[in-house]
Amino acid sequence: IESSLIGYFISPSGNGYKVLLHIAPNQYSNKDNYTAAAAFLELNIDIDHSHIDYSCSNASRLTFLSYDPNAYFNSFADSDFGSIPPIDTSRWLKETVKVTVSERQQPDAGNTTFNPLSRNTKLDFNHKSDILNFNVLLSFVVQKNGDYIKGRRHSFMQVLASYANQFGMKKEALIKHCYSYFENHPQTLIEDDVFDIDKELVSIIEDVYLRYNHQFSSWLEEDANEEIETPCFPDELYDNLSSLINRPTILFKNRREKDVFLGGLLSVLSTWIPKIQGVYDGKNLGANLFIVISAPASSGKGTLYWVRKITSDISRTIAIKYQQALEKYEEQLEEYEANKKEQPDLIKPQKPLKPKFIIPGNISSAAIISVINANKSYGIIFESEADSLTNTLSNNDWGNYTDLLRKAYSHEAISYMRKKDNEEIEIEKPFLSLLLSGTPAQITRLVSSVENGFFSRILFYDFPIKNIWKNVFEKNNNNLEEYFRAYSEKLERLLAPFFDDKAYDDSDLIFFEFTEAQQEIFHNWFENKQQQLYHIYGEDIIASVRRLAVSFFRLAMILSTIRQIDEAKENVSALKNIQKIICNDLDFKNAELIIETLLFHTIKIFNQVKGLKRNKFNKTKRNFLIDKLPLEFNRSQAMEIASFIGIKEKTAENYITQFIAQNFIWGFGVLG
């Protein structure tokens, strides 16, 4: 076949292939050439006639561009394909009689039922090819019930009719295809095993379609075995971010890598502005975020490497200041030792505590409190492998500090008592951030329950792996190492007014506020979300919704603070004079877009941790939807509830259409 093959690629629908064959200019019509090419393929590589889409024989159905990254192109082809011999249309038109199947004839049982192409082909929910759908349904029945053989032919036909009914194939079409297929089936042709097709086959189909008419077309494109992929952050968000945040995200072309980088950057920034606080529910709230990235190994989480690079300069500055303080302490200690006998009232100098911007996850609860204390109450636990923290938290002897994390999220006091010298350390208001990444299995070990309060404090971002090879040698206009080295230095300089020498007594705070209009939008938005999600998932989801609201406020705080840097044209002197930050409307919207996206990620992990399952034919989802719809609703409300359940918009519309047709609900412009 390669002698005439130019190339092939997966069709845009993902349900088949587009094949390019060389056909030289000739006297035949486009349809004749198409028919000849089809015969050429069918006889050369044993493709069933039913798998050729003859509706594509008109020139207007050509596909000129491929989205398939693995598209094949014949390496021997030159610019005018002269190096590839063309198909002889005249010859192959004569061969079509060998592959043309009449209306009453279908491929035999072996070719149809067990053909891998049928088994792996998706159902066509546009119902353009009943033959294709019939073959796929046959394959499903064989996988479930076994072969069509004596002793179970009646049950085989019942299951096939049930599948076809739920899929939405018209009864008349099913009878036609079944008659053609089973009439020539080897089991039917066995002389001592008479099966009255005209009587038994039709009666079985009639009975199934009559008794289960309420299930007609209930098996929709939304296959329950294929989870809806969690959404990416929308383009609108990236278009409206302040330039200081947006510029580095442009470096990442892969959408998931870009999202992971943005989430990591926001988590780091939430630690870097301890002087910015806002009044939320009556108390001062810092910007600290807990963000967890969940994805399979080698799927793009490694982008967090560059987020860690961003902290290089601030970590180096902190280390230099500590070294200077340590040298000063050693001088004072030397002076103290030399003079303490002559001056007994001298006070022994205290060794400075060693601060760290990034706190490792595999340290004891006492050590983490000590570091936060040295940091003047701030810090971020940053681990690229969630197991580092999970293993520590599971150690009840010295590392189980989930209670510490829960308290630090809300700035509640944390403390511990040193056995040595009976010294007690108490941090009145800790400001701790968290940034983790790990595989789904690691994440479910980290948050094994939705009820202990830790789960609801986390902003989750979850995504699957894609079967796309990344060209690691692709030319890039930017050297990322150099870029992020410079970016790290810039952030350390520009964020200094909001970070350096943070006062213990909060005397240097810069307050952040929503406008009254923003407060009203915020209140209504979350009141609506809480009501809807409570109705769907019960009281376990309420804590997550309420803490998503806290994260919304914190995200708006971070984004508006960085916007101030842009508006000050990166003038550090001007930034030092800022006394209050009013939330920018653009950044309020950006925070909404982030939370609206992460809400679906939270629901995905919530269902994963709770162990919620859905069955193959979406009966649970379909019934779940009608159960969760309020007594009165409009289209927008119905679609939002469906999205929370995990039902695509088109599928939800079809469900509601069915509900109306079956008088489960009454529609008065419901979908209008």
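The values are calculated or read from the model by the stated rules, or taken from the named source; none is laboratory data. All of these numbers come straight from a predicted model, not from anything done at the bench. Cβ coordinates were reconstructed from backbone atoms using ideal geometry, including for glycine residues, and neighbour counts include every protein chain displayed. When the accessible area is computed, the model is the full protein with side chains, heavy atoms only, and any ligands, DNA or RNA have been set aside. Shrake-Rupley method; radii C 1.70, N 1.55, O 1.52, S 1.80 Å.
Screening I291 against (1) in contact with a Lys or Arg (Cβ under 9 Å, 6 or more places away or on another chain); (2) in a strand (DSSP E or B); (3) surrounded by 22 or more Cβ atoms within 10 Å (Cβ to Cβ); (4) not basic (K, R) leaves a single unmet condition, (1). Evaluating L559 against the criteria (1) more than 30 Å from E451 (Cβ to Cβ); (2) in contact (Cβ under 8 Å) with a residue 40 or more places away in the chain; (3) open to solvent by 60 Å² or more (accessible area, probe 1.4 Å) leaves one unmet condition, (3). The residue list F644, F606, F588 contains one member that is closer than 26 Å to L459 by Cβ and over 21 Å from the mean Cα position of the chain (by Cα), which is F588.
When each of Q608, Q531 is tested for being touching a helix residue (DSSP H, G or I) at 6+ places or on another chain (Cβ under 7 Å) and within 21 Å of I647 (Cα to Cα), the lone residue that passes is Q608. Filtering I660, I641 for residues that are open to solvent by less than 30 Å² (accessible area, probe 1.4 Å) and either farther than 30 Å from Q564 by Cα or modelled with pLDDT of 85 or more (or both) leaves a single hit, I641. In the range 571-598, the residues that are aromatic (F, W, Y) reach residues that are part of a helix (DSSP H, G or I) with C-beta atoms within less than 6 angstrom, at least six apart or across chains, in these pairs: F588/Q518; F588/A556. Listed by first and then second residue, the pairs with beta-carbon distance under 9 Å, at least 6 apart or on different chains, first residue in the range 198-221 and more than 27 Å from K621 (Cα to Cα) and at pLDDT 75 or above, second open to solvent by 80 Å² or more (accessible area, probe 1.4 Å) and assigned to a helix (DSSP H, G or I), are E200/H154; I204/H154. Taken together, the criteria place E649 among residues that are at pLDDT 70 or above, within 23 Å of E229 (Cα to Cα) and loosely packed, with under 15 Cβ neighbours inside 10 Å. When N618, N607, N623 are screened for being under 29 Å from I293 (Cα atoms), at pLDDT below 80 and either open to solvent by 10 Å² or more (accessible area, probe 1.4 Å) or not basic (K, R) (or both), only N618 passes. Among the residues in the range 258-271, are any touching a Gly at 6+ places or on another chain (Cβ under 6 Å), basic (K, R) and either open to solvent by less than 40 Å² (accessible area, probe 1.4 Å) or modelled with pLDDT of 85 or more (or both)? No.
Do the conditions hold for L593, that is, is it at pLDDT 80 or above and out of contact with any strand residue (DSSP E or B) (no Cβ under 7 Å at 6 or more places or on another chain)? So L593 passes the test.
Within the range 421-439, one or more residues are assigned to a helix (DSSP H, G or I) and at pLDDT below 85. If you go through the range 259-270 one residue at a time, do you hit one that is polar (S, T, N, Q) and farther than 22 Å from S437 by Cα? No - not one qualifying residue is present in the range 259-270.
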